[in-house]
Amino acid sequence: MTARRPLVAGNWKMNGLRGSVAEVEALASALQQRPAPACDVMIAPPFTLIAQFAHTTANTGISIAGQDCSALAPGAHTGDVAATMLADAGATAVIVGHSERRQDHFETDETVNAKAHAVHAAGLVAIICVGETEPERDRGETLDVVKGQLSGSVPDNADAVNTVIAYEPVWAIGTGRTPTTDDVETVHATIRECLVTRFGAEKGNAMRVLYGGSVKAANASELMAVANVDGALVGGASLRAADFDGIIDAYR
Ligand code: 13P
């Protein structure tokens, strides 16, 4: 069994102004003053705050990620942001294929795969999201949907250094609802199996698989204790340092 260092990542989505750096400072100070967690800690702010947050978190152990990027190289693409630009601003990772991107911007597995390629080419870590919608779950299609998204969205060059998978059931995002720990265990075991089958035991067992969807301080320990759950991708509860630190407590 390969030891995987867990990752707790906060996805700020379309939230945060320059003054929100106070929360990042509060988190950095909590990390310094409290027992060091046995996990990596990351924040994915909106594009506008990446450079500022990267500056503030230098030498704090908190890393910074983008929430999306273009699959294209820099050029005439109004409104888009290249992975190389995120790297230049201080990001070390980029979330790709979040369900809000898949739904609101009609991103397909093919698009997500191309974006992950761009992330890798920029020397960054791709956090690739997968997860079923509620109707898919009700039809009993969860495992098939997740397998299909994995095979389409994860590029062939993925390994444990350049890629993290995040399982986020769409119906659990921002709803306060979470799957049972048995359901999380089943999906994560399936994801692990897919990764091992495709990339071999060494790489497949070393890749981190995060759970996301209504993770809070109150349920983090239970969810993080599930087999093959290697950390969390947190939305709402990552915006305030005290809440996010309460989730990181699962690894103290
Ligand atoms: P919530 O934690 O707000 O449910 O959001 C999860 C998510 O989408 C993280 O990417």
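The values are calculated or read from the model by the stated rules, or taken from the named source; none is laboratory data. No experiment lies behind these values; they were computed from the predicted model shown. FYI the Cβ positions are ideal-geometry reconstructions off the backbone, even for glycines, and counts take in every protein chain you see. In case anyone asks, the SASA skips ligands and DNA or RNA and just uses the protein heavy atoms, side chains included. Shrake-Rupley method; radii C 1.70, N 1.55, O 1.52, S 1.80 Å.
Taken per residue, the accessible surface of the range 94-135 reaches 39 Å², heavy atoms only and a 1.4 Å probe.
Of interest is the spacing of the C-alpha centroids, which for the range 1-51 and the range 79-150 amounts to 20 Å. With the cut-off at under 19 Å, measuring from each backbone N in the range 185-217 to a point 7 Å along the Cα-to-Cβ line of Ala3 picks out 202-209.
A Gaussian network model of the chain, with springs between Cα atoms under 10 Å, assigns the largest mean-square fluctuation among Ala237, Ala160, Ala65 to Ala160. Compute the FRET efficiency between Arg177 and His105 as 1/(1 + (r/R0)^6), taking r as their Cβ-Cβ distance and R0 = 25 Å, and round to the nearest 0.05. That gives a FRET efficiency of 0.55.
Classified by the C-alpha gyration tensor, the range 116-252 has an oblate form. Its axis ratio a/c, with a ≥ b ≥ c, is 1.5 or above, and a/b does not exceed b/c. For the range 217-223, backbone phi angles converted through the Karplus equation (6.51, -1.76, 1.60; θ = phi - 60°) give residue-by-residue couplings of 4, 5, 10, 4, 4, 5, 5 Hz, Gly and Pro being listed as x.
Leaving out ligands, DNA and RNA, and with a 1.4 Å probe, what % of the accessible surface on the range 5-145 is carbon or sulfur? Here carbon and sulfur together make up 54 percent of the probe-accessible area.
Working from Cα pairs under 8 Å separated by at least six residues, relative contact order for the chain is 22 percent. Taking the inverse of the mean 1/r over every pair of distinct Cα atoms in the chain gives a Kirkwood hydrodynamic radius of 18.0 Å.
Which residues in the range 148-175 place their backbone N less than 17 Å from a point set 7 Å from the Cα of Arg139 along the Cα-to-Cβ direction? Those under the cut-off are 148-150, 170-171. In this calculation the C-beta distance from Arg240 to Ala51 is compared with R0 = 25 Å, giving a FRET efficiency of 0.70.
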